């Protein structure tokens, strides 16, 4: 389909939270939402970087500290929140640290950050979302989810650590969460909408972050110069998220359509069979509630 940020509707009066909005896809998402009138909260671990990002955005923005690798930080963010929340974009993530690492809560870093962190954040913010007239949650997955499988419910154990495989499992968990949230909202008769998107393959700091692939000093050194030459821009990578945040149908999954879904015009994204497995999703939901201590009183 033909879509660009110019096609976004007027968002005046909308309040949005974008995780990991200090750079890359999150920044461009926040920027375009604000330009269309939304009040956007940049929820980031590095608040100094987020402050610099907010200063570059023409619109109403604020910065809040949020470390998705800490369930306490997630809880504290939600406790500080006041008023309705129209839009939550679960964007931040960690990609492929070369060796096994854990969150402060003892979970494997990618699964604990990418999935558990956003699962807990969404659940904690659910009361605020349900105060809004048409609340929406967007969860950013990845074409890497094709490398995931039914072992997603094992939550990335240390004994079999594989950086690429475990990243795929965490992104499969993101997609399964988005689809299961929509199913649960529909069964509860809730007005909450859940959608998912993926950015294709874009030049972002996921490749150079010291928490992930950027732990490799060579990639951290050459990445900023080389990646923009071979990958699509982060601005282009934000388009599926922007569509999912405003125009996409409930329960949909949006991504680029060309070159193995890595770039190009956006449309319905393909997904691995396990992403639609409702029994597997129910198991993932149960372990996520247990791991985070967060429940979802949908209505």
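The values are calculated or read from the model by the stated rules, or taken from the named source; none is laboratory data. Note that the coordinates shown come from a computational prediction; the quantities given were computed from them, not determined experimentally. No Cβ is skipped: glycine too gets one built from the backbone with ideal geometry, and neighbour counts run over all protein chains shown.
You will find that of 284, 206, 229, the residue that is on the phi < 0 side of the Ramachandran plot, at pLDDT below 80 and within 20 Å of the chain's Cα centre (by Cα) is 206 and no other. Would you mind stating whether residue 138 is more than 20 Å from residue 286 (Cβ to Cβ), at pLDDT 95 or above and in contact with a strand residue (DSSP E or B) (Cβ under 9 Å, 6 or more places away or on another chain)? So residue 138 passes the test.
Residues in the stretch 115-139 that are in contact with a helix residue (DSSP H, G or I) (Cβ under 6 Å, 6 or more places away or on another chain) and either farther than 30 Å from residue 189 by Cβ or not in a helix (DSSP H, G or I) (or both): 135, 137, 138, 139.
Scanning the stretch 231-245 for residues that are buried (at least 22 other Cβ atoms within 10 Å of the Cβ) and closer than 15 Å to residue 2 by Cα turns up 237, 238, 239, 240, 241, 242, 243, 244.
Do you know which of the residues in the stretch 130-142 that are in contact (Cβ under 8 Å) with a residue 60 or more places away in the chain and surrounded by fewer than 24 Cβ atoms within 10 Å (Cβ to Cβ) is nearest to the chain's Cα centre (by Cα)? Once the filter is applied, the top-ranked residue is 136.
Would you check if residue 108 is in contact (Cβ under 8 Å) with a residue 24 or more places away in the chain and farther than 29 Å from residue 269 by Cβ? When the stated conditions are applied, residue 108 does not pass them. The condition of being at pLDDT 95 or above and either surrounded by 19 or more Cβ atoms within 10 Å (Cβ to Cβ) or under 19 Å from residue 130 (Cα atoms) (or both) holds for only one of 93, 37, that being 93. The set of residues in the stretch 28-86 being in a helix (DSSP H, G or I) and farther than 30 Å from residue 102 by Cβ consists of 28, 31, 32, 33, 34, 35, 54, 55. In the stretch 245-261, the residue that is modelled with the lowest pLDDT out of those that are over 22 Å from residue 192 (Cβ atoms) and assigned to a loop (DSSP other than H, G, I, E, B) is 259. Here is the figure for the stretch 150-166: residues that are touching a residue at least 40 places away in the same chain (Cβ under 8 Å), part of a helix (DSSP H, G or I) and in contact with a helix residue (DSSP H, G or I) (Cβ under 9 Å, 6 or more places away or on another chain) total 6.
Residue 76 meets all of the listed conditions (1) touching a strand residue (DSSP E or B) at 6+ places or on another chain (Cβ under 9 Å); (2) under 20 Å from residue 289 (Cβ atoms); (3) surrounded by 22 or more Cβ atoms within 10 Å (Cβ to Cβ) but one, namely (3).
Scoring residue 190 on the criteria (1) touching a residue at least 60 places away in the same chain (Cβ under 8 Å); (2) outside any loop (DSSP other than H, G, I, E, B); (3) out of contact with any strand residue (DSSP E or B) (no Cβ under 7 Å at 6 or more places or on another chain) leaves a single failure, condition (2). Taking the criterion of being more than 23 Å from residue 296 (Cβ to Cβ) and part of a helix (DSSP H, G or I), the residues of the stretch 140-149 that qualify are 143, 144, 146, 147. Of the residues making up the stretch 262-281, those that are loosely packed, with under 15 Cβ neighbours inside 10 Å, assigned to a helix (DSSP H, G or I) and in contact (Cβ under 8 Å) with a residue 12 or more places away in the chain are 276, 278.
Checking each residue of the stretch 103-114 against the condition of being part of a loop (DSSP other than H, G, I, E, B) and crowded, with 24+ Cβ neighbours inside 10 Å gives no match.
Would you confirm whether any residue within the stretch 9-25 is closer than 28 Å to residue 116 by Cβ, part of a helix (DSSP H, G or I) and in contact (Cβ under 8 Å) with a residue 24 or more places away in the chain? Within the stretch 9-25, one or more residues are closer than 28 Å to residue 116 by Cβ, part of a helix (DSSP H, G or I) and in contact (Cβ under 8 Å) with a residue 24 or more places away in the chain. For the condition farther than 30 Å from residue 105 by Cα and either modelled with pLDDT of 95 or more or touching a helix residue (DSSP H, G or I) at 6+ places or on another chain (Cβ under 7 Å) (or both), what is the one hit in 56, 45, 52? It is 56.
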